[in-house]
1. Can you tell which of 31, 21 is buried (at least 19 other Cβ atoms within 10 Å of the Cβ) and in contact with a helix residue (DSSP H, G or I) (Cβ under 9 Å, 6 or more places away or on another chain)?
2. Scan the stretch 71-103 for residues that are in a loop (DSSP other than H, G, I, E, B) and in contact with a strand residue (DSSP E or B) (Cβ under 6 Å, 6 or more places away or on another chain) and jot them down.
3. Does residue 68 satisfy the condition of being in a helix (DSSP H, G or I) and either at pLDDT 90 or above or surrounded by 17 or more Cβ atoms within 10 Å (Cβ to Cβ) (or both)?
4. Is it the case, given these coordinates, that residue 52 is surrounded by 16 or more Cβ atoms within 10 Å (Cβ to Cβ), at pLDDT below 95, within 15 Å of the chain's Cα centre (by Cα) and under 21 Å from residue 7 (Cα atoms)?
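The values are calculated or read from the model by the stated rules, or taken from the named source; none is laboratory data. Note that the coordinates shown come from a computational prediction; the quantities given were computed from them, not determined experimentally. Please note: Cβ atoms are built from the backbone with ideal geometry, for glycine as well, and neighbour counts cover all protein chains shown.
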């Protein structure tokens, strides 16, 4: 069985048309998405994994558009939004935005 993080990466990769991985790639393409677990909880019947999703692009407008597309893709699953997208950082090559979700999975 694949982990929730692997399922989120696969879902976003199929939905967005940009590279998606669980960590920032060593050689960063112009646009990409990173999704990784940041916490969560479980009970007898379900797993509730908190996932951070970051969208990286060459401009602030492109990064914002990509994170909003990622949010739409996450909402099409069992995920619920924890925090609205926010700008998270920038360097000489990229701007990145982040949103966080709780992904609900039944055992």
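1. Exactly one residue qualifies, and that residue is 31.
2. The answer is 78, 94.
3. Considered against the rule, which asks whether it is in a helix (DSSP H, G or I) and either at pLDDT 90 or above or surrounded by 17 or more Cβ atoms within 10 Å (Cβ to Cβ) (or both), residue 68 comes out as yes.
4. yes
Residues checked against (1) at pLDDT 95 or above; (2) outside any loop (DSSP other than H, G, I, E, B); (3) within 11 Å of the chain's Cα centre (by Cα):
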{"site": "5", "(1), (2), (3)": "no, yes, yes"}
{"site": "12", "(1), (2), (3)": "yes, yes, yes"}
{"site": "47", "(1), (2), (3)": "no, yes, no"}
{"site": "64", "(1), (2), (3)": "yes, yes, no"}
